[in-house]
Amino acid sequence: MEPGRDDQLKFAKHFERAQGWLLLENFAAADRALRLIPAAFRERSEVVQFRAQLHLSAKRWARAVPLLRRLVKQDPTEPQYAVSLAFAVRRAQSIEKAEQILLEARERFPQEAVIWFNLACYAAQQARLTDAHNWLREAVRRESAYRDLAKTDPDLVPFWKAVTTGVIAAPW
């Protein structure tokens, strides 16, 4: 049965409120607004996506993981879902499991610089400097803006220390 006009209006109102609360970083109020969305709308992809973003913003990594897995499965053509899933898995479980997600995503989306960049970050955190070097070069080759981001990303500090001490060559 199609939701009625009243339910559609309630959905629009509460979804918009949840978005506003998230912008204000009031995660509890955003959660409350989402709970007021009529049941017929709660499983819509934009609501699931928003709920996942809310959990990521609130650093509730374990709660974001199943939502992001569902999004990856529902829309395997969207690379950001895999990137966000890896981000949450890294914090909820392990960097190794997160890296596996990105390695699979790299096969599906070889031109996505963000995937290569995050792989470089994960490699640097695991002291795999050659991998970090190669993946960082690939990220910058795909999107030059990652050159500047690489200089400030805290995950790459071990890599840059190794470059400074001559353990590994600079990537560019």
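The values are calculated or read from the model by the stated rules, or taken from the named source; none is laboratory data. Predicted, not measured: the structure shown is a model, and the values here were computed from it. Virtual Cβ from ideal backbone geometry, glycine too; neighbours counted across all protein chains shown.
Annotations for the structure displayed:
- Of the helices (runs of 4 or more DSSP H) entirely within region 1-83, those holding at least 1 residues that are among the acidic types (D, E) and under 30 Å from P110 (Cβ atoms) occupy 45-57.
- Yes/no for V72 being touching a residue at least 24 places away in the same chain (Cβ under 8 Å) and β-branched (V, I, T): no
- Unique residue being acidic (D, E) and within 21 Å of V157 (Cα to Cα) when the list is D131, D75: D131
- When the test is whether a residue is aliphatic (A, V, I, L, M) and either over 19 Å from the mean Cα position of the chain (by Cα) or in the same structural domain as E78 (by TED's automatic domain parsing) (or both), L23 does not pass it.
- Residue within region 29-51 that is in contact with a Ser or Thr (Cβ under 8 Å, 6 or more places away or on another chain), surrounded by 14 or more Cβ atoms within 10 Å (Cβ to Cβ) and under 25 Å from F117 (Cα atoms) present: no
- Within region 114-164, the residues that satisfy the criterion of being surrounded by fewer than 17 Cβ atoms within 10 Å (Cβ to Cβ) and of a type in the set (S, T, N, Q) are Q126, T130, N134, S144, T152, T164.
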